[in-house]
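Comments concern the structure below.
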Amino acid sequence: MYLSAHFTPRPTGAKHPAICAVKALGILYEANNIGTRREQEKQRISAIKDAREGNQNVLPETTSTISFKYFYSGVMEALKFKDEYQIWREGWGKSESEKMFSYFDYPFLLSPTSKAHILNLDALTQMSAHYEEACVRHAVADHAQRLLPETLTGSSSEFQKGIRAGSSPYLVLELSRAHLVEEAFDQITKKHADLKKPLKVAFVDVGEEGVDQGGVTKEFFQIMIEKVFDSRFGLFKELDEGRCWWIEGALDGSSHMEMSAKDIRIRLIEYELVGILVGLALYNGVILGVRFPSVVYRKLLGWEIGLDSFIESFPALGRGLEQMLTWTDGDVYDVFMREFEISYEHLGQITTLPLIPGGELISVTNENREDYVRAYIDHYVHEHIRQEFTAFQRGFEKICGGEALK
């Protein structure tokens, strides 16, 4: 209420009521996050203790001390987002004393819709800059062509084509439906310098050439996503729970496939290209029918992944680990019969890997089960897919990395 009463779009001076209110809310927000983590850990320790004493066998649901939704401020909708974005952008890389105050530096105030608006603004700003630069290059190239002797330009269609492609203000993909994935990946690789330009897609099959007004681009992404996320493509697998796609780890020794150095390189390039593809869709304002488990977004943002996040993304596995932590009827090894190992299925075959050196010889007991759970989660969401996810993230951040995403 205080912020609403003293809100102004352009507050100045460290003692302005709106600035003081926002900074006070920032302190409260951080304290709430710390309090939430401590409360969750306290509840978990208490639940494990009670469970060991036979009082209960499940952990209570944990929630934020104060829901993050209560920090959203409706007055942010009154901001002129373009103006605020420019102020915020000008402050990137500057110290607190050097930059102007911006509400965007306090993302807890902003609803998901507002944050999506900011991402869109950031994409449009970058797109506009690359478009203008390409237009200048196009004008220069056109002028240079006129000055060159006709013998150097008129007889070479490849020369003309190269000039047009290099100075186009758009990222143009000319594709056939029969070889869509191969041609798209090939052209994206060759046009690496144009990825931040506005995207135009043309299907060059007979009778389909025309101007892309947005519908063709959307269709392109829909078809591409359907193909590259198909389990038969070999990069992702669909989880039984939640209809989400998870990375198909195969380079950590969990796959029976024999892969040469060339095969591995091609596989990682494909993951990077899928990351670019997802980034291009977001950058060009196209909503994809892609659902990742929440740990993917946490990994992209560099956030910690604990048992709660693991349960949210992989309910069956997570609850199994949770049950192991709270088991009270004797030693967990007598029931779960686990060693410090983890098993993965790939193409119908099961591979078991040690979580720690010599893990196949170390039984999971009541005393070390917490170490086992931590090692299991770390291997499943990090080690198992490290190379694949790194390649995917590298491709995604070529398009959507930066301050706006953070």
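Odds and ends about this structure:
- Karplus-derived 3J(HN,Hα), 6.51/-1.76/1.60, for each residue of region 103-115, Hz, glycine and proline x: 4, 5, 6, 10, x, 5, 6, 9, 6, x, 5, 5, 5
- Dimensions (Å) - region 254-406, Cα atoms, principal axes, largest first: 57, 36, 24
- Candidates per chymotrypsin sites (Phe, Trp or Tyr not before Pro) in region 253-318, loop by DSSP, up to 13 other Cβ within 10 Å: 303
- With all protein chains in place and ligands, DNA and RNA left out, the 1.4 Å accessible area ranks 226, 258 as 258, 226, largest first.
- 27 Å Cα-Cα threshold exceeded, pairs from 218/262; 94/190; 69/197; 80/197: 218/262; 94/190; 69/197
- Near the amide H of residue 111, within less than 5 Å, lie the amide hydrogens of 73, all on another chain or at least 5 residues away, with H placed in the peptide plane.
- Gyration tensor (alpha-carbon) shape descriptor, region 302-363, a/c threshold 1.5: oblate
- Taking amide H atoms as placed 1.01 Å from N in the peptide plane, the amide H of residue 230 has no partner under 5 Å among residues 5 or more positions away or on other chains.
- Nonlocal amide H pairs with residue 341, under 5 Å, H built at 1.01 Å: 355
- Label-to-label distance, nm, for residues given as residue 179 and residue 262 (7 Å Cα→Cβ offset): 1.8 nm
- Loop-resident sites, region 74-137, for trypsin sites (Lys or Arg not before Pro), counting at most 11 other Cβ within 10 Å (DSSP): 80, 94
The values are calculated or read from the model by the stated rules, or taken from the named source; none is laboratory data. Owing to the predicted nature of the structure, the values given are computational and were not obtained by experimental measurement. Backbone-built Cβ (ideal geometry, glycine too); neighbour counts: all protein chains shown. Note: areas computed on protein heavy atoms with side chains; ligands, DNA, RNA excluded. Shrake-Rupley method; radii C 1.70, N 1.55, O 1.52, S 1.80 Å.
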